[in-house]
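Here the structure comes first, spelled out in C-alpha cells, and everything after it is commentary.
The values are calculated or read from the model by the stated rules, or taken from the named source; none is laboratory data. As the structure is a computational prediction, the values presented were derived from the model and not from experiment. Cβ atoms come from the backbone with ideal geometry, glycine included; neighbour counts cover every protein chain shown. When the accessible area is computed, the model is the full protein with side chains, heavy atoms only, and any ligands, DNA or RNA have been set aside. Shrake-Rupley method; radii C 1.70, N 1.55, O 1.52, S 1.80 Å.
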Amino acid sequence: LCSWLAQAGGSLRRLNLAHNKIAAADARAIAEALATNTSLQDLDLGANPIEPDGVQSFCAAATANASLRKLGLSYVHVGAAGAVALGELLDSPACALVALDLDGCRLTSKGVTTIAAAIAGAEEGQRRGGRIAKLESLRLEDNAIDAGDGGPGACAALARALSVCRSLSSLFVGGNGLGSPEGADCITALAAGIATSAGLRVLDLGGNQLRPHGLRALLA
C-alpha cells in the first residue's frame with residue numbers, strides 16, 4: 001500500500017484506514033509515502049494503536065506533504081508528545097490541513113493548549129508571510145480539557161485561536177465537562193473567544209453539563 005501511494009497513487013483522493021490495527025511503524029511508513037504523493041487529500045487513521053510515538057513519527061514525516069487537507073486521528077492515543085508534533089505539523093509552511101479530527105484522543109488540557117497555540121501561532125506567522133491559514137474544522141470531543149488546573153488555560157488558548165484564525169469555522173468540544181463545577185472557569189474562558197471570532201459558524205458543546213452559569217457565560 002505504501003509503495004503504491006508513493007509511486008502510483010496519483011488518482012486517490014480519500015483513504016480510510018480506521019480500525020485496522022495500524023501501529024506506530026505503519027503510520028510512519030504511510031507518512032513517508034505521502035511525501036511524494038500529491039493527490040491524497042483525506043486520510044483517516046482513527047481508532048488504531050498508533051500511540052504517541054507513532055503520532056510523533058507520522059507528523060514528522062507528513063510535514064513534507066502539501067496536499068493533505070483532512071486528517072482523522074479520532075480515538076488514537078495522542079499524548080503530550082503527539083500534541084507537540086501535531087502543533088509542529090500545523091505550523092509547517094507546507095501544511096494544507098483544513099480539518100483535523102482529534103475526538104477521543106485522551107488529550108489533556110496541556111495537549112489542547114499546545115495544539116490551540118500552534119493554530120493561533122501559525123495564523124499569525126502566515127499573515128506576516130502574506131499567506132492565509134486554512135484550518136476550518138477542529139474536533140476535540142470526548143477528551144479531558146477540564147482535567148486538572150490547566151482547563152481554563154486550555155480554553156483560553158482555544159479562545160485565542162478562534163479570535164485570530166479567521167478560517168476556523170467549526171469547533172467541536174462536546175463531552176469535555178466544560179460546565180462542570182471543576183470546569184466552570186473553562187466555559188467562561190472559551191466564551192471570550194466565541195464572542196470575538198469572525199468566522200465561527202458551527203459550535204458543538206453537547207454533553208458539557210453547562211448548567212445556568214455556563215449558559216450565562218456564553219450569552220454574556
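Suppose the filter is of a type in the set (Lys, Arg), touching a Gly at 6+ places or on another chain (Cβ under 9 Å), open to solvent by 20 Å² or more (accessible area, probe 1.4 Å) and in a loop (DSSP other than H, G, I, E, B); does Arg106 pass it? The answer is yes for Arg106. Where helices (runs of 4 or more DSSP H) fall wholly inside the stretch 1-90, the ranges with 3 or more residues that are under 18 Å from the mean Cα position of the chain (by Cα) and surrounded by 18 or more Cβ atoms within 10 Å (Cβ to Cβ) are 51-62, 79-90. Only one entry of Leu158, Leu178 meets the criterion of being within 21 Å of Gly104 (Cα to Cα), of a type in the set (A, V, I, L, M) and assigned to a loop (DSSP other than H, G, I, E, B), and that entry is Leu178. You will find that of Asp142, Asp146, the residue that is in a loop (DSSP other than H, G, I, E, B), modelled with pLDDT of 95 or more and farther than 21 Å from Ala23 by Cα is Asp142 and no other.
Residues that are open to solvent by 20 Å² or more (accessible area, probe 1.4 Å), under 25 Å from Lys134 (Cα atoms) and either in a helix (DSSP H, G or I) or not basic (Lys, Arg) (or both) do occur in the stretch 205-217.
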